[in-house]
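Written out below as structure tokens is the structure these notes cover.
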Amino acid sequence: MAEHTHAPAATSPAHAVHAVHDEHDHRPHGWRRWVYATNHKDIGTMYLVFAGLMFLIGGSFAMVIRAELFEPGMQLVDPQFFNSMTTMHALFMIFGAVMPAWTGLANWLIPMQIGAPDMALPRLNNLSFWILPFAFTLLFSTLFVPGGAPAGGWTLYAPLMVQTGDAFPMTIFAIHMMGASSILGAINVIVTIMNMRAKGMGLLRMPLFVWTWFITAFLLIAAMPVLAGAVTMLLTDHYFGTTFFTATGGGDPIMFQHIFWFFGHPEVYILILPAFGVVSEIIPTFSRKPLFGYETMVYATASIGFLSFIVWAHHMFVTGIPLAGQLFFMLSTMLIAVPTGVKVFNWTATMYKGSLSFEPPMLFALGFLFMFTIGGFSGLMLALVPADYEYHGTYFVVAHFHYVLVPGAIFAIIGAVYYWLPKWSGKMYDMRLATWHFWLSTVFVNVLFFPQHFLGLAGMPRRIPDYAVQFTDWNMVSSIGGFAFGLSQLLFPYIVLKCLRSGEPATGRVWESAHGLEWELPSPAPYHSWGEPPSEALIARGAAH
Amino acid sequence: MIAGQMRVLDSDPERRRRVRRTTLVLACVALAFYIGFIVMSVMRSSRQGGGAADTTAAASR
């Protein structure tokens, strides 16, 4: 149970120290606090608010898609605009919502969890955030230029993408800016973890969230520049007469797919590895047991990170790659199930014989565990070359990656906010409403995405605004699930705002079995935490894995 | 940032050097991936004849 009712904020010597520090807490006020922000908590908050906004915009694009697909025939939008919606929905959700949400959580949590006063490069941190609003304003404005927003899909496949109208250079520039922001953020995370850990915070004492982000940051540094390289070549193909990806000039469109997916597959793990970290923090707390197999979790994460770079061509089985290539990429893809299975079994073993309770963070973590596993299994089906020949380009693929990303990554983000919000704000949220949020989300996310498996297996292609009549029923069900899921997400900002306005005071530890340095700080966490590094005894207590 | 934080961040010149060194190494790695993939594509196109290197052919179309 949460200890959220009457206890005072400062309950340990460390709290007392920080209470004294609070008296010296000074922070800039007004707009300067945010525009010139160098404090990791302020920047983390800005990232999270930005991600929430992008989630709403990207979600509204999804509503247009589901409204058009509610029944066969063309109802609401023309096919070009429909394709723009699928493209923009993906770009906004991946680069605007999920990635910035993880960076926001990294900013809030990593310094507090490793006993550092701030990120190692605070000004770079400010720059990485402030690039994003410009990038997404530019991308959003493509909806209003002649030719409309990009419509070639988030994969930006050449030569289709090169045929985009006035939106083309704007999209490329926006993607470059997003990439630059992610790379700068990743550099900051690695430099912070390598150089700013408090004395006594050894690598194998770090919380799993820090570990997963550490590995994610390396993936970002290796993957994002590859996307930047690919879109740079698209740009030169369009404007400077090169033909990297144009067959008529001797170029190779398939090469774009190779380069894109060399970025694209690690990107999937960039979106999901921090979720593994969050779930590894939440489940032990609400099972009242240490995490089962901490070290194996670290090695499993590193293995997934490595394997993510040698599986990219499983997205391209139908392009006619040689048999040896198909076998290699099929087997390497299936190999990822091993470390992922280690994680799932470790979380299950953590809960085994634990004293479980089901507060909202735990509910979202369990939702993640069950439904991410469904996405993992359909991923294994897609890894099989002969089966992929059938599934490729169908709604089965759409169902697969949405199971990984929505009840996977997004449930973990929501669970993380419900877990740490009392620490950040010093206030408890309405647990009953948050529980409602979980159940509505869980029911409707399945109504939304599960029928898409059936549609895909029956042969419905993805990225089409119209379809044959035999697909009508499941599309209607899916659309109803989509509208209901979208509406139920409005509960989330309401719960957070209600908490900030009128939540009951939270204790320092918030959850009775929470372990980690951040829980040694008072709630709300002081504006400047760990100005004096934590003692080794405090670190040892927090690192009781 | 408050004085206490500045002290922690800046008082240790060795840590400052390490931070700078790690940042530069990581920036170089990112740059290498960016340039490396473009160079690889150019070389592949050149080997196959035409392609990206053949800008005159593309311009004359």
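The values are calculated or read from the model by the stated rules, or taken from the named source; none is laboratory data. On a predicted model such as this, the values are computed, not experimentally measured, just so you know. When we count neighbours, we look across all protein chains shown, and the Cβ atoms used for this are built from the backbone with ideal geometry, even at glycine. Heavy atoms of the whole protein, side chains included, go into the accessibility calculation; ligands, DNA and RNA do not. Shrake-Rupley method; radii C 1.70, N 1.55, O 1.52, S 1.80 Å.
Observations on the model:
- Only helices (runs of 4 or more DSSP H) whose full extent lies in region A:17-129 are considered here, and the ones with at least 3 residues that are within 14 Å of another protein chain (Cβ to nearest Cβ) and buried (at least 17 other Cβ atoms within 10 Å of the Cβ) are A:40-68, A:99-114.
- Of the helices (runs of 4 or more DSSP H) lying entirely inside chain B, those carrying at least 2 residues that are open to solvent by 80 Å² or more (accessible area, probe 1.4 Å), more than 8 Å from chain A (Cβ to nearest Cβ) and modelled with pLDDT of 65 or more are B:13-48.
- Within region A:520-539, the set of residues being away from chain B (no Cβ under 14 Å) and farther than 12 Å from A:L421 by Cα comprises A:E520, A:L521, A:P522, A:S535, A:E536, A:A537, A:L538, A:I539.
- Out of A:E504, A:E532, one residue alone is open to solvent by 20 Å² or more (accessible area, probe 1.4 Å), closer than 20 Å to A:E359 by Cβ and of a type outside the set (S, T, N, Q). It is A:E504.
- One residue alone among A:A158, A:A198 is under 30 Å from A:D78 (Cβ atoms), among the small types (G, A, S) and within 14 Å of chain B (Cβ to nearest Cβ), and that residue is A:A158.
- Scanning region A:178-221 for residues that are in contact with a Pro (Cβ under 8 Å, 6 or more places away or on another chain), open to solvent by less than 10 Å² (accessible area, probe 1.4 Å), closer than 15 Å to B:T22 by Cα and in a helix (DSSP H, G or I) turns up just one, A:T192.
- Taking the listed residues A:G251, A:G264, the one that is outside any helix (DSSP H, G or I), within 14 Å of chain B (Cβ to nearest Cβ) and over 19 Å from A:L124 (Cβ atoms) is A:G251, with no other qualifying.
- Complete set of residues in region A:460-487 that are over 25 Å from the mean Cα position of the chain (by Cα), surrounded by 15 or more Cβ atoms within 10 Å (Cβ to Cβ) and of a type in the set (G, A, S): none
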